[in-house]
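Visitor: Before I ask anything, here is the structure I am working with.
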Amino acid sequence: MTIHSTPPCLDLEIDGMIAWVTFNNPAARNALTWPMYEELKQICDSLATNEAIRVTILRGAGDKAFVSGSDIEQFVGLKKDEAYEVAVDHIFASLQQLPLPTIAMIEGLAVGSGLLMATACDFRISTPDARFGIPVAKTLGNCLSPSNLSWLAAHLGIPLVKKMLLTAELIKAPELLESGFLYQTAEAADLRTSVNALAEKLAALAPITQKASKLTLARLLQSNLPDCTDLMRETYNSKDFKEGVNAFLEGRPPQWVGK
């Protein structure tokens, strides 16, 4: 079964026991519009109840990006403080808590929400030249929710997350392969073969054990999170955030004032 729509969209393909989900917005390096976020939750909710599916693979259309972040247009006129991060949390949770193994197949950029999406998957396989990060201190001047930061810190470690967030540096695949964040790297010509091999390995194992294991870990990561509403509200209501959005859309460097 294959479901294709007109970009920007998500495409879904079912191949036996494996579901392929494609972020299809190549003209914008697969940046996610709000309807694409909503489509992801709908697909995850559907796959969660489909006992015939044993593995889900997520990928980006083309070879430039897995996901390059969120579509910046949707931040224009954002009025309700931290509401965006809260809404995105619910959507990421549907992927994090999908009761079957997930693999991110990554070419090019996985930045911003693209890194969050890749981290929400159980395994990540990328090309050696892929780059990862959350350069919001350089681009938009926004922040992440405690839920997403907790998930990143657990998978990448606090020092590397601080490097990504505070310096806005993008990290190359070899460093993340060495750290264990990446399961494997493969050249572009071999990437799908490597991903398929892992998917077939996962599909042959005990699905209830896999479900219990990954969901228990997910619940541990989400327990006792602090209330950071004050910090998210301060950030999203700041002049710097509005400046970051406007500067990005106008194609100029932002001028940060710390207010």
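The values are calculated or read from the model by the stated rules, or taken from the named source; none is laboratory data. A quick note: this is a predicted structure, and the numbers were derived from the prediction, not measured. Every residue, glycine among them, receives a Cβ derived from its backbone with ideal geometry; neighbour counts consider all protein chains shown. Protein only, heavy atoms only, side chains kept; ligands, DNA and RNA dropped before computing areas. Shrake-Rupley method; radii C 1.70, N 1.55, O 1.52, S 1.80 Å.
Visitor: Out of (1) loosely packed, with under 14 Cβ neighbours inside 10 Å; (2) of a type in the set (S, T, Y); (3) at pLDDT below 95, what's the single condition that is false for T229?
Guide: Of the numbered conditions (1) loosely packed, with under 14 Cβ neighbours inside 10 Å; (2) of a type in the set (S, T, Y); (3) at pLDDT below 95, the odd one out for T229 is (1).
Visitor: Surrounded by 16 or more Cβ atoms within 10 Å (Cβ to Cβ) and touching a strand residue (DSSP E or B) at 6+ places or on another chain (Cβ under 6 Å), is that true of R59?
Guide: yes
Visitor: Could you grab me the full set of residues in the range 110-145 that are open to solvent by 30 Å² or more (accessible area, probe 1.4 Å), more than 30 Å from K211 (Cβ to Cβ) and at pLDDT 95 or above?
Guide: P128, D129, R131, A137, K138
Visitor: On to the next question. Within the range 202-224, work out how many residues are open to solvent by 70 Å² or more (accessible area, probe 1.4 Å), among the hydrophobic types (A, V, I, L, M, F, W, C) and closer than 16 Å to I103 by Cα.
Guide: So the first thing to find is which residues in the range 202-224 are open to solvent by 70 Å² or more (accessible area, probe 1.4 Å), and the list is 204-205, 208-209, 211, 216-217, 219-220, 224.
Still in the running and among the hydrophobic types (A, V, I, L, M, F, W, C): 204-205, 208, 217, 220.
Going one step further and asking which of them are closer than 16 Å to I103 by Cα, we end up with 204-205.
Matching residues across the range 202-224 total 2.
Visitor: Looking for something aromatic (F, W, Y), open to solvent by less than 20 Å² (accessible area, probe 1.4 Å) and in contact (Cβ under 8 Å) with a residue 60 or more places away in the chain - is there at least one such residue anywhere in the range 90-99?
Guide: no
Visitor: Tell me which residues, restricted to the range 82-103, are among the small types (G, A, S) and under 20 Å from F66 (Cβ atoms).
Guide: A93, S94 - these are the residues of the range 82-103 that are among the small types (G, A, S) and under 20 Å from F66 (Cβ atoms).
Visitor: Just checking, which of A199, A186 is open to solvent by less than 50 Å² (accessible area, probe 1.4 Å) and farther than 28 Å from V88 by Cβ?
Guide: Answer to the selection: A186.
Visitor: A19 is checked against (1) within 14 Å of the chain's Cα centre (by Cα); (2) surrounded by 21 or more Cβ atoms within 10 Å (Cβ to Cβ) and fails just one. What number does that condition carry?
Guide: Going through (1) within 14 Å of the chain's Cα centre (by Cα); (2) surrounded by 21 or more Cβ atoms within 10 Å (Cβ to Cβ) one by one, A19 breaks only (1).
Visitor: Within the range 29-47, can one find any residue that is over 30 Å from S238 (Cα atoms), open to solvent by less than 20 Å² (accessible area, probe 1.4 Å) and in contact (Cβ under 8 Å) with a residue 60 or more places away in the chain?
Guide: no
Visitor: A further question follows. Mind telling me which of the residues L177, L198, L182 ends up being in contact with a Phe, Trp or Tyr (Cβ under 8 Å, 6 or more places away or on another chain) and aliphatic (A, V, I, L, M)?
Guide: L198
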